[in-house]
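Structure first, then comments.
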Amino acid sequence: MCVSSRRSSLKVFDMDVTRDQRKIKNLMGVVPQENNLDIDFSVYKNLYVYSRYFDIPKRKAEKRINELLDFVQLNEKKDTMTDLLSGGMKRRLILARALVNEPRLLILDEPTVGLDPQSRHVMWDKLRSLKKQGVTIVMTTHYLEEAAQLCDRLVIMDYGNILVEGSPSSIIKEYIGTDIVEAENTPEVIACLEKSNAMYEQAGDMVQIYTNDPHDITEHLFSECRLGKITARAATLEDVFLKLTGRKLRE
Amino acid sequence: MMSYFALPDITPRVLKVWMRNRDVFMTTLTVNFLPPLVEPILYLFALGFGLGNYINEIEGVPYTKFIAPALISVSMMFAGFYECTFGSYVRMYYQKTFDAIIATPLNIDEVIAGELLWGATRGVINASIILPILSIFGLAVYPHSLLVIPFAFLAGLMFSCIAMCFTAITPNINSLTYPSILLITPMFLFSGTFFPLSLLPETVQTIALAILPLAHIVIVVRSLMSGIIEASLLLNIAWMLGATLLVFLLSINLMKKRLIV
């Protein structure tokens, strides 16, 4: 844990992070973005060596590790060396490792980056069930679907500043509405939209219209604006994100 | 300046890091035993029994007996130095092992101290492998020679700490070749190892003893293995203890500066 800010203070479970670092880390599990498993050890040994750092007695650790291996569905890979695991298995093992000390707070940095859809859904299931058990989860992700699926409270940040804060659904409703209607981006359509006071945004050769009533607006657009192709879909966090942070590449 | 020698925040949890490295060592046991087993035998045959044929005696002893203590000393140096340069660098940079550990109640001071302890232990392991071999050839006097084993811990620790200072400041793994070739190799040859320091001009001798850690190790081990123990050894050991304390503190503080921005 790295705390560098001198002006502000950070407290976890009412403990100061600079003073009570050990106590806090004892109650915490971390899933880093980069896999840092011990390639010299098997799956089981990775968890066992890690449990030693928390001073967990051997018996208790062995029991806990077997439970965790079941939980992340890696029991069959118990004796496999970690560099032979697939990407999804490695992430699940890291999740299990972060849970050896039965943390009350779990911190995840991009938990599913680079995973196939199946592995991602397994990971999501695990995180949901941890949430149900009462573990507080703090995670960063740039997969907005992931944020929408998992988070009760969400903060969108850009260049270190908080842009919005709230539950995924309330944020979508507040910034976009329930739905998005997409039409071709032509001068006529824009002129028509301007006339009818619609909330819209141009995105390349498409124009996106934000609405709470997609039926109404499509009907209106068809009758008034003589549109070609139109699609309507539910608004997502991604729409909010792009609306707030713009479409320019950030490099 | 003081911040380079600040006292580290260390608890017995250091042993957990030591145990991690021990466990890795145990998984690749056979290959780990090979270098300390084979290298001294090769040197002993090539230099001792080969070249040694042309040398009558050095400082009153046969050449094999003269170089035997040097072979153990050099192995202690290599053990500590390579464990805490290339070994630690790989764990720190490529395997991110340190990052994984400091997410637990351990802190970075303890991780580095654990690495240093392990480097020292490698010194002890090497000494324990080589001493019996040399004894087979009648090159060690007992029971004095047994003291070489605990002494190897101090020698190994000193070189582990020196190594860790370089690991803390090296920009990349290749640059670790600089201390290896510019410091360790000359030390290997010019620390009274294969020819006595007394051959060198007096000023050079003094400088060698002042700055070459290995020279002190060789003096102590040579004296232990020959069974002639003099009070002046305490000076060599005192020099080593002082130097080790300094590089121990320095290496941990340098590492903290590198890893915690």
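The values are calculated or read from the model by the stated rules, or taken from the named source; none is laboratory data. Being a predicted model, the structure only gives us computed values, none of them experimental. Every residue, glycine as well, gets a Cβ built from its backbone with ideal geometry; the counts of neighbours run over all protein chains shown. For the accessible areas, the whole protein counts, side chains as well, though only heavy atoms, and no ligand, DNA or RNA atoms are used. Shrake-Rupley method; radii C 1.70, N 1.55, O 1.52, S 1.80 Å.
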Which pairs in the list A:Lys90/B:Lys96; A:Lys23/A:Lys58; A:Lys45/B:Lys16; A:Lys23/B:Lys16; A:Lys77/B:Lys96; A:Lys45/A:Lys77 are over 19 Å apart, alpha-carbon to alpha-carbon?
A:Lys23/A:Lys58; A:Lys77/B:Lys96
By per-residue mean of other Cβ atoms within 10 Å, what is the highest-first order of A:200-208, B:207-215, A:98-106?
A:98-106, B:207-215, A:200-208
So which aspartates and glutamates pass the test for A:Lys60, namely a Cα distance under 19 Å, with those fewer than 8 places away in the same chain ruled out?
A:Asp70, A:Glu102
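Below 8 Å, C-alpha to C-alpha, sequence gap of six or more: please give me the relative contact order for chain A in percent.
On the way: 319 pairs, mean separation 37.7, N = 251.
Taking the mean separation of contacting Cα pairs over the length of chain A, I get 15 percent.
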Take the Cα of B:Leu42, step 7 Å along the line toward its Cβ, and report every residue of the range B:157-190 whose backbone nitrogen sits under 17 Å from that point.
B:185, B:188-189
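Could you compute the FRET efficiency for A:Tyr159 and B:Ile10, with r as their C-beta to C-beta distance and R0 at 22 Å, rounded to 0.05? Write out the running numbers ahead of the final one.
Details: r = 39 Å, r/R0 = 1.77.
E between A:Tyr159 and B:Ile10, to the nearest 0.05, is 0.05.
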For the range B:8-259, build the charge dipole from Cβ charges (+1 Lys, Arg; -1 Asp, Glu) around the Cα centre, then report which of B:Ala163, B:Ile184, B:Tyr43 sits farthest towards its positive end.
B:Ala163
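Counting only GluC sites (Glu not before Pro) that sit in a DSSP loop (anything but H, G, I, E, B) with at most 14 other Cβ atoms within 10 Å, what is the longest stretch of chain B containing none of them? Working shown, then result.
Numbers: sites that count: B:Glu57, B:Glu59, B:Glu230.
Longest gap between qualifying sites, sites excluded: B:60-229.
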In terms of the Cα gyration tensor, with a ≥ b ≥ c the square roots of its eigenvalues, is the protein assembly as shown rounded because a/c is under 1.5, prolate because a/b exceeds b/c, or oblate?
prolate
What nm value, rounded to one decimal, do you get for the distance between A:Asp83 and A:Glu145 when each label is placed 7 Å out toward the C-beta?
3.3 nm
Per the 1.4 Å probe, what fraction of the accessible area of chain B, in percent, lies on carbon and sulfur atoms?
73 percent
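Quick one: of the DSSP bridges fully inside the range A:11-151, what percent are antiparallel, nearest 5? Please report the intermediate quantities before stating the final value.
Working: 3 of 12 bridges.
DSSP beta bridges in the range A:11-151 are roughly 25 percent antiparallel.
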Please give the calculated 222 nm ellipticity per residue for the protein assembly as shown, where each DSSP H segment of at least 4 residues contributes -39500 (n - 2.57) and the sum is spread over every residue; nearest 500 deg cm²/dmol?
-16500 deg cm²/dmol
Folded to 0 to 90 degrees: helix A:117-132 orientation relative to chain A principal axis, Cα
70 degrees
Threshold 20 Å², probe 1.4 Å: give the residues of the range B:17-39, in number order, that are less accessible with all protein chains present than with their chain alone.
B:Met19, B:Arg20, B:Asp23, B:Val24, B:Thr27
Return the distance in nm (one decimal) between the two label points of a simple spin-label model at A:Phe222 and A:Glu201, each offset 7 Å from Cα along Cα→Cβ.
2.7 nm
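For B:Ile10, A:Ile24, A:Ile230, write out the residues from largest to smallest accessible area, computed with a 1.4 angstrom probe and no ligands counted. Before the final figure, lay out each step's value.
Numbers: B:Ile10 70, A:Ile24 0, A:Ile230 40 Å².
I get B:Ile10, A:Ile230, A:Ile24, largest accessible area first.
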Within the range A:112-180, trypsin sites (Lys or Arg not before Pro) in DSSP loop having at most 15 other beta-carbon neighbours inside 10 Å:
A:Arg153
Over chain B, what is the relative contact order in percent, taking alpha-carbon pairs closer than 8 angstrom and at least six residues apart?
28 percent
Per residue of B:96-102, how many C-beta atoms from partner chains lie within 10 Å of its own C-beta, taken as a mean?
6
Once phi is turned into ³J(HN,Hα) by the Karplus curve 6.51 cos²θ - 1.76 cosθ + 1.60 with θ = phi - 60°, what whole-Hz value does each residue of the range B:125-130 show in order, with x for glycine and proline?
4, 4, 4, 5, 7, 7
What accessible area, summed over both chains, is buried at the A-B interface (1.4 Å probe, Å², nearest 100)?
2100 Å²
Distant-in-sequence amide H partners of A:Leu108 (H built 1.01 Å from N, under 5 Å)
A:Val31, A:Val138, A:Met139, A:Thr140
Heavy-atom accessible area per residue of the protein assembly as shown, all protein chains kept, 1.4 Å probe, expressed in Å², is 50 Å²
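Ordering B:Trp239, B:Trp118 by accessible area with a probe of 1.4 Å, largest first, what comes out?
Result of the area sort, largest leading: B:Trp239, B:Trp118.
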Using modelled backbone amide H atoms (1.01 Å from N, in-plane), which distant-in-sequence or interchain residues come within less than 5 Å of A:Met206's amide H?
A:Asn185
Report the net charge of residues surrounding A:Asn75, where surrounding means a beta-carbon distance below 14 angstrom and charges are Lys +1, Arg +1, Asp -1, Glu -1.
0
Are there residues in the range A:47-90 whose accessible area shrinks by at least 40 Å² when all protein chains are included rather than the chain by itself, and which are they (probe 1.4 Å, ligands and nucleic acids not counted)?
A:Tyr50, A:Arg52, A:Tyr53, A:Asp55
Can you give me the % of accessible surface on the range A:11-151 that is carbon or sulfur? Probe 1.4 Å, all protein chains present, nothing else counted.
48 percent
Give me the net charge for the shell around A:Lys11: Cβ to Cβ below 11 angstrom, other residues only, Lys and Arg +1, Asp and Glu -1.
-2
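Can you pull out the chymotrypsin sites (Phe, Trp or Tyr not before Pro) in the range A:1-107 whose DSSP state is coil and whose Cβ has at most 12 other Cβ atoms within 10 Å?
Details: sites: A:Phe13, A:Phe41, A:Tyr44, A:Tyr48, A:Tyr50, A:Tyr53, A:Phe54, A:Phe71; in loops: A:Phe13, A:Phe41, A:Phe54.
When the chymotrypsin sites (Phe, Trp or Tyr not before Pro) of the range A:1-107 are filtered for loop state and at most 12 Cβ neighbours within 10 Å, A:Phe13 remain.
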Enumerate the calculated ³J(HN,Hα) couplings along the range B:147-160 in order (Karplus 6.51 cos²θ - 1.76 cosθ + 1.60, θ = phi - 60°), each rounded to whole Hz, writing x wherever the residue is Gly or Pro.
5, 4, 5, x, 5, 4, 5, 5, 4, x, 5, 4, 6, 5
In sequence order, calculated HN-Hα J values of the range B:57-74 (Karplus, 6.51, -1.76, 1.60; Hz; x Gly/Pro):
8, 10, 6, x, 10, x, 4, 4, 5, 6, 8, 3, x, 5, 5, 5, 4, 4
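Output the antiparallel fraction of DSSP beta bridges having both residues in chain A, as a percent to the nearest 5. Working shown, then result.
Details: 24 of 33 bridges.
The answer is about 75 percent antiparallel.
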Under 5 Å between amide hydrogens, which residues at least 5 positions from B:Ile58 or on another chain qualify, with H placed 1.01 Å from N in the peptide plane?
B:Tyr63
The simple spin-label model distance between B:Leu233 and A:Val113, using points 7 Å out along Cα→Cβ, in nm, is 5.6 nm
Just the number, please: percent antiparallel of the DSSP beta bridges in the protein assembly as shown, rounded to the nearest 5.
75 percent
